[in-house]
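First up is the structure itself, then whatever we jot down about it.
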Amino acid sequence: MSAPETVVAPLTTQDAEALVQAARTAAEAAGVAAAISVLDAGGHLLAFRRDDRAVLIAGETSTRKAFTALQLDTPTAGLVDAVQPGGAFHTLPTALDRPLLFIAGGVPVHRDGRLIGAIGVGGGAPEQDHEIATTAVATLG
């Protein structure tokens, strides 16, 4: 007899909006005009916000960072070296027809140990984007 599977609540729109608000607060504190994307476990956009002072491409990069973190279930900050020549994922950015982006700022979101979505932040330096995203995820509880 197998153990019963624990049901984990999915990432809700309310969760996504809370993540965006926490990221906006962290971005403002860091002086970063950011774009923030939150995806559910299926890779669908649940929430998005781009500061009107953020560079336009930040919207695209925030979504791609979130998608990459979701697909690989790891923060994008830890993948930057893996896609460099000689790295374990060197050919991955061009091998798939997916919007992957290996720049810091994407962070997976877990609940009870299960992957339920991801957040991506674009607009600042990669280290700033990563810090903003991890700060937001820490507030979800």
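Check segment 28-42 and report whether any residue there is of a type in the set (Ser, Thr, Tyr) and out of contact with any helix residue (DSSP H, G or I) (no Cβ under 8 Å at 6 or more places or on another chain). Within segment 28-42, none of the residues are of a type in the set (Ser, Thr, Tyr) and out of contact with any helix residue (DSSP H, G or I) (no Cβ under 8 Å at 6 or more places or on another chain).
Of the listed requirements (1) open to solvent by 60 Å² or more (accessible area, probe 1.4 Å); (2) on the phi < 0 side of the Ramachandran plot; (3) free of Cβ contacts under 8 Å to residues at least 24 places away in the same chain, Gly87 misses just one: (1). For segment 90-101, the condition of being within 29 Å of Arg24 (Cβ to Cβ) and open to solvent by less than 30 Å² (accessible area, probe 1.4 Å) holds for at least one residue. Please indicate, with yes or no, whether at least one residue in segment 82-99 is under 16 Å from Leu45 (Cβ atoms), out of contact with any His (no Cβ under 9 Å at 6 or more places or on another chain) and not β-branched (Val, Ile, Thr). So far as segment 82-99 goes, yes, one or more of its residues are under 16 Å from Leu45 (Cβ atoms), out of contact with any His (no Cβ under 9 Å at 6 or more places or on another chain) and not β-branched (Val, Ile, Thr). Go through segment 17-51 and report how many residues are over 15 Å from Thr135 (Cα atoms) and of a type outside the set (A, V, I, L, M, F, W, C). Number satisfying all stated conditions: 7. One residue alone among Ala9, Ala34 is loosely packed, with under 15 Cβ neighbours inside 10 Å and either in contact (Cβ under 8 Å) with a residue 40 or more places away in the chain or closer than 18 Å to Gly141 by Cβ (or both), and that residue is Ala9. Scanning segment 56-78 turns up no residue that is touching a residue at least 12 places away in the same chain (Cβ under 8 Å), touching a helix residue (DSSP H, G or I) at 6+ places or on another chain (Cβ under 7 Å) and open to solvent by 60 Å² or more (accessible area, probe 1.4 Å).
The values are calculated or read from the model by the stated rules, or taken from the named source; none is laboratory data. Source: prediction; values computed, not measured. We place every Cβ from the backbone using ideal geometry, glycine too, and count neighbours over all the protein chains shown. Calculation scope for accessible area: heavy atoms of the full protein, side chains included, ligands and nucleic acids excluded. Shrake-Rupley method; radii C 1.70, N 1.55, O 1.52, S 1.80 Å.
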